[in-house]
Amino acid sequence: MPENIQHARQGIAAAAARYGRNVDCVTLVAVGKGQPAPALRAAAHAGIEHFGESYLKEALPKIESLGDLELTWHFIGQIQANKTRPIAGHFAWVHGVDRL
């Protein structure tokens, strides 16, 4: 996994340089959908600080399990109205695109 993270970071750096941007203005968000908490913990130990999840029921146990780490959680995708409160309480960022 550290090799994959390094490869992603190199791609980000190359793209930033190509477009005249500072690499520090890009945030690598690893999507944890379908991955167990130990895999996310390994990614965190390899330097990932931001994680995205799209299923609230899957995300909450991971967030709790990894609470000892300083991670930033991103909710990605559509939000059902009945899930807004737990999303607001557990995620620092919400990224969503919906239909007109």
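Of the DSSP H helices in the chain, none is both long (alpha-carbon extent of 15 Å or more along the helix axis) and hydrophobic (Kyte-Doolittle mean at least 0.5). Remark: segment 41-100 carries a charge dipole of roughly 260 debye about the Cα centre, counting +1 on each Lys and Arg Cβ and -1 on each Asp and Glu Cβ. In terms of its C-alpha gyration tensor, segment 4-100 has an oblate overall shape, because the principal axis ratio a/c (a ≥ b ≥ c, square roots of the eigenvalues) is not below 1.5 and a/b does not outweigh b/c.
Can you give me the C-alpha center-to-center distance between segment 1-58 and segment 69-85, rounded to a whole angstrom? Measuring centre to centre over Cα atoms gives 17 Å. Approximating the spin labels as points 7 Å out from Cα along Cα→Cβ, the residue 72-to-residue 97 distance works out to 2.1 nm. Relative contact order for the chain: 21 percent, from Cα pairs under 8 Å spaced at least 6 residues apart, divided by residue count. Ordering 5, 63, 78 by the projection of their Cα atoms onto the charge dipole of the chain, which places +1 on the Cβ of Lys and Arg and -1 on the Cβ of Asp and Glu, puts 78 at the extreme positive end. Checking every one of the GluC sites (Glu not before Pro) in segment 1-90 against DSSP loop status and a limit of 14 other Cβ atoms within 10 Å picks out 49, 70. Under 12 Å from a label point set 7 Å out along the Cα-to-Cβ vector of residue 90, the amide N atoms of segment 31-67 belong to 53-67. Estimated from the Cβ-Cβ distance and a Förster radius of 41 angstrom, the FRET efficiency linking residue 81 and residue 14 is about 0.50. Here is how the number arises for the chain: DSSP H runs of 4 or more residues each give -39500 (n - 2.57), the sum is divided by the residue count, and the result at 222 nm is -13000 deg cm²/dmol.
The numbers here are math on the coordinates, done by the rules we state, and not lab data. Treat the numbers as computed from the prediction; the structure is a model and nothing was measured. Glycine gets a Cβ as well: all are built from the backbone with ideal geometry, and neighbour counts include every protein chain shown.
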